[in-house]
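I have placed the structure first, in the form of structure tokens, so that the comments after it can refer back to it.
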Amino acid sequence: MGIMIWIRGARLKTLPLAIAPVLIGASLAWRDADKRRVAVAVLCGFVALLLQIAANFANDYSDGIRGTDAGRAIAGEQLSRGPARLVASGVNPKKVLVAAGICALAACLCGLAVIALTGYWWFILVGIACLAAGWFYVGGKHPYGYHYLGEVFVFIFFGLVATCGTMFALSGAITPDGLLGGSAAGLVAVAVLCVNNLRDIESDSNHGKHTWMTAMGRQNGTVFTIAILIISALIALRHLLQSSIYAANSIPLIAIIAILCAAQIAASYAIARKTYRKALPLCSLDSLTVAAIFVLSTMLT
């Protein structure tokens, strides 16, 4: 087992969910940001990415030692019910935990750099909350991810906190558009979690992991997941149409709407067909498409 198993364990397909809210927050704050904006924006991106990878390793560790990921080894990845996991593949759980700690430490260092550049020392509290949310999702004696709260915390931290935190770091303010942009990013992140939980619905039920999907059932859960993807797209389109881009840039407008619709249709079709291995990267791509709308709205106005 070499470096590739760790790359797979980092779950690269989920990383767009970390980048999208940072892009949205940065685009909304760009005009009001000071000369340090590039460094701060890049550092915010590294914080989000490293926290995401740390959370992925921590989840791998916690679910692995509980047996929730049984059968998801690298060697059987093509036949397994989902992406391979490190502990399930025989990697020493302590090494996975150490990897999570290293990524979390690197995220903290980047976060401290953001604080040094902005002077917002209370961001330390935000960082502590993010670390706690990442660990207690499936870690600890009473993980909230096992008690119907995973979707709520994903919406808050992968949507509102990441978007509004980036926006405030750059401009010192949070606007209604920032809250809407954070909501759009958060809804896509929730949709990705729902796809994961739809795929694992039987296993989660057997291991006492209670999610919105185990409560709704596969049919209602599928409808719900597609619905929140559509709502995220509508929020992005609302922002696009409220900007002045459509007045003089009809071609970019049509192009980005077409890309968004194509991403939505592809992801929704994969979810409806229960091809979850295809649905996951498509939903992650959808998060970048939503973010691109906010970025282009800023660039072209």
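The values are calculated or read from the model by the stated rules, or taken from the named source; none is laboratory data. This is a predicted model, so every value here is computed, not measured. Glycine also receives a Cβ, built like all others from the backbone with ideal geometry; neighbour counts cover every protein chain displayed. Areas reflect the complete protein model, heavy atoms only, side chains present, ligands, DNA and RNA absent. Shrake-Rupley method; radii C 1.70, N 1.55, O 1.52, S 1.80 Å.
Residue by residue, here is whether (1) touching a residue at least 60 places away in the same chain (Cβ under 8 Å); (2) in contact with a Lys or Arg (Cβ under 9 Å, 6 or more places away or on another chain) holds:
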| position | (1), (2) |
| --- | --- |
| CYS103 | no, no |
| PHE155 | no, no |
| CYS164 | yes, no |
| SER171 | yes, yes |
| LEU193 | no, no |
| ILE201 | no, yes |
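Taking the criterion of being in contact with a Lys or Arg (Cβ under 6 Å, 6 or more places away or on another chain), in contact (Cβ under 8 Å) with a residue 40 or more places away in the chain and either part of a helix (DSSP H, G or I) or more than 28 Å from LEU149 (Cβ to Cβ) (or both), would at least one residue in region 269-277 satisfy it?
Within region 269-277, one or more residues are in contact with a Lys or Arg (Cβ under 6 Å, 6 or more places away or on another chain), in contact (Cβ under 8 Å) with a residue 40 or more places away in the chain and either part of a helix (DSSP H, G or I) or more than 28 Å from LEU149 (Cβ to Cβ) (or both).
Which of the residues that make up region 93-114 are surrounded by fewer than 18 Cβ atoms within 10 Å (Cβ to Cβ), hydrophobic (A, V, I, L, M, F, W, C) and more than 16 Å from ALA10 (Cβ to Cβ)?
The answer is LEU109, LEU112, ALA113.
May I ask you to list the residues in region 278-291 that are out of contact with any Lys or Arg (no Cβ under 6 Å at 6 or more places or on another chain), surrounded by fewer than 22 Cβ atoms within 10 Å (Cβ to Cβ) and more than 17 Å from LEU160 (Cα to Cα)?
Those that are out of contact with any Lys or Arg (no Cβ under 6 Å at 6 or more places or on another chain), surrounded by fewer than 22 Cβ atoms within 10 Å (Cβ to Cβ) and more than 17 Å from LEU160 (Cα to Cα): LYS278, LEU285.
So in region 22-79, with the set limited to residues that are modelled with pLDDT under 80 and under 16 Å from GLY145 (Cα atoms), which one is most open to solvent (accessible area, probe 1.4 Å)?
Residue satisfying both the conditions and the ranking: ARG66.
Of all residues in region 80-92, how many are at pLDDT 85 or above and either polar (S, T, N, Q) or open to solvent by 60 Å² or more (accessible area, probe 1.4 Å) (or both)?
Residues flagged as at pLDDT 85 or above and either polar (S, T, N, Q) or open to solvent by 60 Å² or more (accessible area, probe 1.4 Å) (or both) within region 80-92 amount to 1.
Which of the residues spanning region 186-203 are in a helix (DSSP H, G or I) and either of a type in the set (Val, Ile, Thr) or open to solvent by 10 Å² or more (accessible area, probe 1.4 Å) (or both)?
LEU187, VAL188, VAL190, VAL192, LEU193, VAL195, ASN196, ARG199, ILE201, GLU202, SER203
The rows are residues; the columns are (1) modelled with pLDDT of 95 or more; (2) of a type outside the set (Lys, Arg); (3) part of a helix (DSSP H, G or I).
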site	(1), (2), (3)
LYS95	no, no, yes
ILE124	yes, yes, yes
VAL138	no, yes, no
HIS142	no, yes, no
PHE157	yes, yes, yes
VAL161	yes, yes, yes
GLY165	yes, yes, yes
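If only one of SER297, SER232 is in contact with a His (Cβ under 7 Å, 6 or more places away or on another chain) and either part of a helix (DSSP H, G or I) or open to solvent by 10 Å² or more (accessible area, probe 1.4 Å) (or both), which one is it?
On the way: SER232 fails: in contact with a His (Cβ under 7 Å, 6 or more places away or on another chain).
Just one listed residue meets the conditions, SER297.
Only one of (1) open to solvent by 20 Å² or more (accessible area, probe 1.4 Å); (2) out of contact with any Ser or Thr (no Cβ under 9 Å at 6 or more places or on another chain); (3) touching a residue at least 12 places away in the same chain (Cβ under 8 Å); (4) farther than 15 Å from VAL195 by Cβ is not met by LEU241, so which one is it?
Checking LEU241 against (1) open to solvent by 20 Å² or more (accessible area, probe 1.4 Å); (2) out of contact with any Ser or Thr (no Cβ under 9 Å at 6 or more places or on another chain); (3) touching a residue at least 12 places away in the same chain (Cβ under 8 Å); (4) farther than 15 Å from VAL195 by Cβ, the one that fails is (3).
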